[in-house]
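The block underneath contains the structure these notes are about, expressed in structure tokens.
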Amino acid sequence: MNNIRSRFSSLREYLTPVTHTSTFKTTGEITPEEFVAAGDYLSYKFPTWQWCPVADDSLEKTFLPKDRQFLVTRKVPSYQRALSYLNGGAEEDDEEDVADEDGWTTTHTHMLKKGDNEKEVAVAKNDHSHELINDQEIQDIDDDDFDIEPVVEDGKNPSGGVVSSSQESRRNYDLYITYSTSYRVPKMYLVGFDADGIPLTPDQMFEDISADYRDKTATIEKAPFLQNTTSVSIHPCRHATVMKVLMSRAQIAAQSRKAEAAEAATKDITQGINKLGLKDSEETGGDDEWEDVQGVGNNKEEDEEDGVIRVDQYLVIFLKFIASVTPGIYHDYTMDAL
Amino acid sequence: MPEKLKFVPFHSSVDSSFFQKLSELKLDKFKLDTSSQVILAYYNIKLFTKNSAPLINVSGTSFENHSNEFHRMLPGGSALFAPGNLVNLNTKEQFQEMDKNAYLQASGEKLYQSFKSKEVLTNPALLASLNVLSFSDLKKFKFYYWFSFPSFYTEWMINSSRIESAKEEFDHKIQTWWQTETNDNKKNFFLLDADNNPIALSELVLDDKRNDSIRVGIIDASTYPMIPSWYLRNFLTLLLYYGYTKVEVLVYRFNGSSFWLDLSAMDSSINLNIRQNVPKVTGWEKTSNGSLQPKIADLQSLLSPVSLAEQAV
């Protein structure tokens, strides 16, 4: 049954015609060309994101350049599970409210009672005890290890011959962004590893998806651009709407900034005129200032027409959105670093 | 007061495709064969996360054993390669009873032989080599495995260290070096000329009488401040074997935190007898809680067709 469904969706992905008309201002959707431009901008600004080719020609999306099939950032740390964000999720609520205005159906958020939390925590605990059982199974190997311990001790431990980085709860994620033809938006895939570099199971990966999205938009599937890799994808059915909302918010913010700038500009002009009145000899200087101010003003207007957010900044905003879906995965750390 | 040199050990990270391929090969090719299989791993050199250990990755492609295959699936210039051996055992008992000490020592001796035969100079990637010991329970999709990164124990003191701040200049030099040195096996370990330009390791000659430092470089995969990755250890042992007791190392990082280490070999018996005796070999990977034991990957939900079908609702 599921096979049929996933085949249907890949068929749909295959059949949906690729459009090249830019509509991102009105719909929040982007064309493959815009995806490439946005990817270039992202990987330029944040070099942890890199373009990647596909291993096998059969996986290739022909409307994307060969060397720009998808974006990847590897081994992004996650120190805390999304569960621990449930109670104090002020930021998420904020996000929610805005989305609500645009008709986002939030069926789960307010229904998520304390009981659910406890259940989920219990599930997580069970997983852990399961791991402990595994450890016991190989206890004898552990004992054997003391035989090799002397060598290892000599080599590793004298006055800290190595740096130990014991961070059991740390996970690492490989994050991928591809272009979804059927929804004309970027699509996010996550592949997780535990602190020992062992692949996470889908259930474990779901622990890192915020509960609001976990049941609605997170899907388990084979990453279509990789070979034999099961991933969790964020289903892109609502991406366009959310992106539109985020962009209009950014526009409002930019407009208020513009208003401030205009006020400041008026002051400049007044000063310029004052200067003109005071010193005739510096007329040319005054003119320059005028032109300058006008130049800035014109640019601002153009920006506004462009919807404030340029299309190459699309993925940066997209990642801000994804950060609310996966609150514990620190792909934003790059932005702090720069 | 000189400080003893520390290293950040490799951490392994295994893609599920590696286990999938291993299962296939176990069924179709290896069967009961427990002889050593050649694999290829890669380590990211463009990690930017703070305090990250060097991560060695294996995937299904590792069995193809050719870096070209990886170039087709990795972002350009993001990784370097490490040769490895995989021993896949048939039962859990075999896995448990195997003499791991002897196994590691043997792979260390092999590396030591390559110092003697000078093979390592034409194939420096050997300095970062690895072993994987595994047992695959195919019915339960459970994999027991243990990585080791054979490494010689020689003792070095840090005379001084300093941060290299000319990022762009060195970025350019490394770019140029990679363009001239197209062999992936040679890209990571190099000598430096007086102008800090990398030169191939094959130029290294035996020199017992030398008083000034030899200048070398590595491209580092760790992001711990001022602490180099595990594989510098074998590089230093190689230099010691060739008679160099003073070494100036450029630990180059793409994230801009490159640094120099000015090192001297200590007058310990291990160091002095480097030509006569194989130094002690260390390198079994520790788990995240710091214990020396194998890892277990339970991948039923990732690999089993039945589980996959159940989950994909």
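After finding the eigenvalues of the alpha carbon gyration tensor for the range A:38-84, what semi-axes result from the square roots of 5 times each, listed largest first in whole Å?
26, 15, 9
Measure nothing but the geometry: give the 0 to 90° angle between the long axis through the Cα atoms of B:16-25 and the longest principal axis through the Cα atoms of chain B, rounded to 10°.
Roughly 70 degrees between the two axes.
Hey, any idea what Rg/Rh is for the range B:118-221, computing Rh the Kirkwood way over Cα pairs?
With Rh from the inverse mean 1/r over Cα pairs, Rg/Rh is 1.09.
Mind pulling the angle between the C-alpha long axis of helix B:167-180 and the longest principal axis of chain B? Nearest 10 degrees, somewhere in 0 to 90.
Long axis of B:167-180 versus the principal axis of chain B: about 70 degrees.
Buried accessible area for the B:A pair, summed, 1.4 Å probe, in Å² rounded to 100?
Counting both chains, the buried surface is close to 5600 Å².
With the Cα gyration tensor of chain B giving a ≥ b ≥ c as the square roots of its eigenvalues, does the rule (a/c under 1.5 for rounded; else a/b larger than b/c for prolate; else oblate) give rounded, prolate or oblate?
prolate
Along Cα→Cβ, 7 Å out, is where each label goes; now give me the distance between the ones at residue A:79 and residue B:163 in nm to one decimal.
In this crude spin-label approximation the distance works out to 2.1 nm.
Once both axes come from the Cα atoms, what is the angle between helix B:100-116 and the longest principal axis of chain B, in degrees from 0 to 90, rounded to 10?
Approximately 40 degrees, to the nearest ten.
Which value in Å is the Kirkwood Rh of the range B:156-272 over different Cα pairs?
14.6
If amide hydrogens are placed 1.01 Å from N in the peptide plane, which non-local residues have theirs closer than 5 Å to the one on residue B:79?
B:45
On each of the three principal axes of the Cα atoms of the range B:11-114, give max minus min coordinate, whole Å, ordered largest first.
So the three principal-axis extents are 40, 33, 27 Å.
Calculate, axis by axis, the spread of Cα positions in the range B:215-313 along the three principal axes, and write the results as whole Å, longest axis first.
Taking the Cα atoms of the range B:215-313, the three principal extents are 63, 36, 22 Å.
Apply the Karplus parameterisation 6.51 cos²θ - 1.76 cosθ + 1.60, with θ equal to phi minus 60°, to every residue of the range A:187-198 and state each ³J(HN,Hα) to the nearest whole Hz, in sequence, with x for glycine and proline.
Calculated HN-Hα couplings, in order: 10, 9, 10, 10, 10, x, 9, 7, 4, 9, x, 8 Hz.
Among bridges DSSP assigns within the range B:158-252, what percent are antiparallel (round to 5)?
Given both bridge residues lie in the range B:158-252, the antiparallel proportion sits at roughly 50 percent.
Can you compute the charge dipole magnitude of the range B:156-272 about its Cα centre, using +1 on each Lys and Arg Cβ and -1 on each Asp and Glu Cβ, nothing else charged? Give it in debye, rounded to the nearest 20. Walk me through the numbers before you get to the answer.
On the way: 11 positive and 16 negative charges, 51 e Å.
Dipole magnitude for the range B:156-272 comes out near 240 debye.
Starting from the exponent 0.38 and prefactor 2.2 Å, build the expected Rg for the range B:140-194 from its residue count and divide its actual Cα Rg by it.
It is 1.82.
How long are the semi-axes of the equivalent ellipsoid of the range B:202-264, taking √(5λ) for every eigenvalue λ of the Cα gyration tensor, in whole Å from largest down?
23, 11, 10
Of the cross-linked pairs B:209/B:280; A:66/B:110; B:100/B:142, which ones have a Cα-Cα span greater than 29 Å in the structure shown?
A:66/B:110
Of the options B:282, B:241, B:271, report the single residue whose Cα projects farthest towards the positive end of the charge dipole of the range B:162-306 (beta-carbon charges: Lys, Arg +1; Asp, Glu -1).
B:282
The values are calculated or read from the model by the stated rules, or taken from the named source; none is laboratory data. None of these values were measured; they are calculated from a predicted model. In this analysis, Cβ positions are derived from the backbone assuming ideal geometry, glycine residues included, and neighbour counts consider all displayed protein chains. Protein only, heavy atoms only, side chains kept; ligands, DNA and RNA dropped before computing areas. Shrake-Rupley method; radii C 1.70, N 1.55, O 1.52, S 1.80 Å.
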